[in-house]
Amino acid sequence: MLRHLRTTVRHRSTIILWHHHNHYHRSAKYNPPKTANPPSPPKPPKAPQKPQTFTFHDVTWEDPYSWMSSLQDKVAMRHMDMYMEQEEKYTEAVMSDTERLQTKLQSEMASRLNFDLSTPPLRWGPWLYYRRVEEGKQYPVLCRRLASLNEEFISHKSPSSGFDFTSGKRIEQKLLDYNQEAERFGGYAYEELSEISPDHKFLAYTMYDKDNDYFKLSVRNLNSGALCSKPHANRVSNLAWVKDGQALLYVVTDENKRPYRIYCSMIGSTDEDVLLLEEQDENVYVNIRHTKDFHFVTVNTFSPTFSKVFLINAADPFSGMNLVWESEGIVHCVLEHHQGYLYLFTDAPKDGQIVDSHYLLRSPVDSSSNPRIWENVFIGDQNLVIEDVDFCNSHLVLITREGRKYGICSVALPLPGWKQAVHLRELQPHFLPLPKHVCNISPGPNYDYYSKTMRFTISSPVMPDAVVDYDLSNGKWNIVQQQNMLHERTRILYGTALSSAIAEKTTNVKFSSMNDVKSEDRNLWNDLSEFYACEHHDVSSYDGAMVPLTIVYSRKNRKDNQSPGLLHGHGAYGEILDKRWHSELKSLLDRGWIVAYADVRGGGGGGKKWHHDGRRTKKQNSIEDYISCARYLVEKEIVQENKLAGWGYSVGGLLVASAINCCPDLFRAAVLKVPFLDATNTLLYPILPLTAADYEEFGYPGDIDEFHAIRKFSPYDNIQKDALYPAVLVSSSFNTQFGVWEAAKWVARVREQTIYDPKHPILLNLTIDIVEENRYLQCKESALETAFLLKTVDS
């Protein structure tokens, strides 16, 4: 159910006094007009209570709204439908006075959408692959064209002309039209995996089957455009091509969405697909990927107690799997192959000791030692952390972090033959210049193992994402795609760009140290820091831990000591908080708001210890960190007292809701998007499948200490009675990891137990599943959230 925005036009009744011959009637008694009474605020719906008692570890509690998650109970679901309809009407009624504001905000946000003709074409072998949107169509088309023919259709003198798509269509090959896929899948086209075979003859991809709630595998012949007769598999989670594209390995999941079987399918054969591996232990998960040179397929198996990596020879996938590495517990490990050496990037413990960051190991492929001996590539440097690695035939590329400063550097391959680890600087790394305030660097697909050009996406809180091609052979680099928020959009081959001068400009850099990088040209990077400030603060938490806090505001519109503020938080799975520039937040920034980001414990960017100090029995640290950052904003008068709002997505919703439970008077409002709110019941009695990583993050309720920790931080179980809560907008969907019942239960219990105040409404907004695939519906939802914040905080 989606609320359709309506623009209400109110016509004022105008009283016209006609003065005829300067005569008018004067009544003997004057009756002043009656003042219309303001309409009474809408009453929130009251959910039916059907108390159910639970006991675990000798703890007994009652849940009056557990019926909301009884998906197999048809009567309960009919009641749920009626209740959701009441919630929708209540949200519409409360927000009815913001309809014009929502329309204005939606128009603002839609005007900032980046209308790209295509994604930046990505070269792989002789082909350029890209996706583009055809006029009037909802979904893109996957295309390719030969790079050798491409130059003919590009204007280098006038980038505004760019690629001539009209005449260029004769060299363009449409590979997959996702609009046609939507017709196959009930009007909905969501792709999870897409792998082109190394011989460029086939495309294997998985599409979401909404009716059955799984991903369906298809293989398409790129020469004929026809679907291959096999494989056609359901519940597919991973793909890897072998035998130079003649065969495909794929992983399927069980009914609980646990990846557990690996099959091999020979393309064009009528033989049954061969089962290569089946993990029957329900605690073991399977994952596959091919090495970038397509020589091997790596098989990762992991459980709460171990992690293992096996190797399959891609030339002979039926020759068996060889164990090449193992470790205790769940650890991150990615294996690559380069010219006779295996390289392993991992954060596994060393000599039984937990390490704080990833490191790189290598071992000869033909090593005969048992167990295999792995050598460290680099000597550990506490000041320079390696966040990620990528390989091509000629170079190793490292994404590094020095404190809060990110970098990209390349090292020539092959590495020297010595067996001892070396300092990175001894290998004369070349660093790519970066703009100020970089908050994340993401490697691109970089399929072409033999290309010396690699693609990265550079993100900043005050700069639209920049897609950059980096030529590793000479240090030249070029921004191939970036939205320009300030000037006229210029159409070039890759969609929107900066300007003709910037688009054609490349820079030659060869630096030996991160500290030597001085290039911070705002114009070149389309940096918005002239208009929007980005500040970094360190906030002392309750136990003395220093929590990074990033603050963004408009230099022109900030109101000293009077600014409202929005504090984002996440703090889970060791994931870096999303601090990228989001154009929809410009509507708040330009209205004088402060937008802040709290990098609390449990999240990423601070090493493994930072992550582990905010998970399981230490989850309360994340919540205390977030509260400390909120108090800091108010006490330092960065945000006006009683004008602070919280914002959390998914597990970030748990963080913000828990902070509200602890300090409801600290926040004026909050937006919780598809939030995780009912931790006790979800971890004890999962309705939707959970993974080992979920329990590693939030705790195993079977362990009594972790059970009590879960009970302590679970937002649904810790709502303060008879307290005045801030206004909260909870957005959820029936098709999320954390079901709509979590949001509905929390909303109902908050209303039941706290003080009712119509100025502090608790709203439940149901979104439709397709929102995440439709930018205009995203604008509509963002406009509603922004209008809610302006109404409840800034009014």
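The values are calculated or read from the model by the stated rules, or taken from the named source; none is laboratory data. This one's a predicted model, so the numbers in the text were calculated from it and none came from an experiment. For neighbour counting, all protein chains shown are included, and Cβ atoms are generated from backbone atoms with ideal geometry for every residue, glycine included. Only protein heavy atoms, including side chains, enter the accessible area calculation; ligands, DNA and RNA are left aside. Shrake-Rupley method; radii C 1.70, N 1.55, O 1.52, S 1.80 Å.
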Query raised in the report: If you check Val377, Val365, which single one turns out to be under 17 Å from His338 (Cα atoms), at pLDDT below 95 and touching a Gly at 6+ places or on another chain (Cβ under 9 Å)?
Result: Val365
Query - First in segment 236-260 and free of Cβ contacts under 8 Å to residues at least 60 places away in the same chain and of a type in the set (Gly, Ala, Ser), second anywhere and in a loop (DSSP other than H, G, I, E, B) and open to solvent by 30 Å² or more (accessible area, probe 1.4 Å), Cβ under 6 Å, 6 or more apart - result: Gly245/Pro198; Gly245/Asp199; Gly245/Lys201
Query raised in the report: So Asp244 clears everything in (1) of a type outside the set (Phe, Trp, Tyr); (2) open to solvent by 30 Å² or more (accessible area, probe 1.4 Å); (3) out of contact with any helix residue (DSSP H, G or I) (no Cβ under 9 Å at 6 or more places or on another chain); (4) assigned to a loop (DSSP other than H, G, I, E, B) except one condition, right? Which one?
Result: (4)
Report summary line: Checked against (1) at pLDDT below 95; (2) open to solvent by 10 Å² or more (accessible area, probe 1.4 Å), Lys712 satisfies every condition except (1)
Report task. Exactly one condition in (1) part of a strand (DSSP E or B); (2) more than 24 Å from the chain's Cα centre (by Cα) is not met by Glu192; state its number. Result -> (2)
Query - Sole residue being at pLDDT below 95 and hydroxyl-bearing (Ser, Thr, Tyr), chosen from Thr754, Thr767 - result: Thr767
Query raised in the report: When you go through Ile262, Ile288 one by one, which is the residue that is among the aliphatic types (A, V, I, L, M), buried (at least 20 other Cβ atoms within 10 Å of the Cβ) and over 21 Å from Asp388 (Cβ atoms)?
Result: Ile262
Report summary line: Considering only strands (runs of 3 or more DSSP E) wholly within segment 456-548, the ones with at least 2 residues that are modelled with pLDDT of 90 or more are 463-471, 532-540
Query raised in the report: Taking segment 715-738, which residues are closer than 23 Å to Ser782 by Cβ and either surrounded by 21 or more Cβ atoms within 10 Å (Cβ to Cβ) or in contact with a Phe, Trp or Tyr (Cβ under 7 Å, 6 or more places away or on another chain) (or both)?
Result: Pro726, Ala727, Val728, Leu729, Val730, Ser731, Ser732, Phe738
Query raised in the report: Got at least one residue in segment 566-575 being open to solvent by 10 Å² or more (accessible area, probe 1.4 Å), touching a residue at least 40 places away in the same chain (Cβ under 8 Å) and not in a loop (DSSP other than H, G, I, E, B)?
Result: yes
Query raised in the report: Within segment 579-589, is there a residue that is among the aliphatic types (A, V, I, L, M) and within 30 Å of Asn383 (Cα to Cα)?
Result: no
Query - In segment 366-396, the residues that are surrounded by 15 or more Cβ atoms within 10 Å (Cβ to Cβ), β-branched (Val, Ile, Thr) and assigned to a loop (DSSP other than H, G, I, E, B) - result: Val377
Report summary line: Of the conditions (1) more than 25 Å from His395 (Cβ to Cβ); (2) among the polar types (S, T, N, Q); (3) open to solvent by 10 Å² or more (accessible area, probe 1.4 Å), the single one that Thr301 does not satisfy is (3)
Query - First in segment 677-696 and under 10 Å from Ser714 (Cα atoms), second anywhere and aliphatic (A, V, I, L, M), Cβ under 6 Å, 6 or more apart - result: Leu677/Ala657; Ala679/Ile710; Thr680/Ile710
Query raised in the report: In segment 108-143, which residue that is within 18 Å of Asp469 (Cβ to Cβ), modelled with pLDDT of 85 or more and assigned to a strand (DSSP E or B) is most open to solvent (accessible area, probe 1.4 Å)?
Result: Arg123
Query - Pairs where the first residue, in segment 268-289, is without any contact (Cβ under 8 Å) to a residue 40 or more places away in the chain and within 16 Å of Val251 (Cα to Cα) and the second is among the aromatic types (Phe, Trp, Tyr) and open to solvent by 60 Å² or more (accessible area, probe 1.4 Å), C-beta under 8 Å, 6+ apart - result: Val284/Phe302
Query raised in the report: Among the residues of segment 459-478, how many are without any contact (Cβ under 8 Å) to a residue 60 or more places away in the chain and within 29 Å of Leu549 (Cα to Cα)?
Result: 1
Query raised in the report: Quick one: how many residues across segment 201-241 are in contact with a Phe, Trp or Tyr (Cβ under 7 Å, 6 or more places away or on another chain) and surrounded by fewer than 14 Cβ atoms within 10 Å (Cβ to Cβ)?
Result: 1
Query raised in the report: Among the residues of segment 340-348, is there at least one that is among the β-branched types (Val, Ile, Thr) and loosely packed, with under 14 Cβ neighbours inside 10 Å?
Result: no
Query raised in the report: Can you tell me which residues in segment 632-654 are more than 17 Å from the chain's Cα centre (by Cα) and not in a loop (DSSP other than H, G, I, E, B)?
Result: Tyr632, Leu633, Val634, Glu635, Leu644, Ala645, Gly646
Report task. For segment 63-70, state whether one or more residues are touching a residue at least 60 places away in the same chain (Cβ under 8 Å) and in contact with a Leu (Cβ under 8 Å, 6 or more places away or on another chain). Result -> no
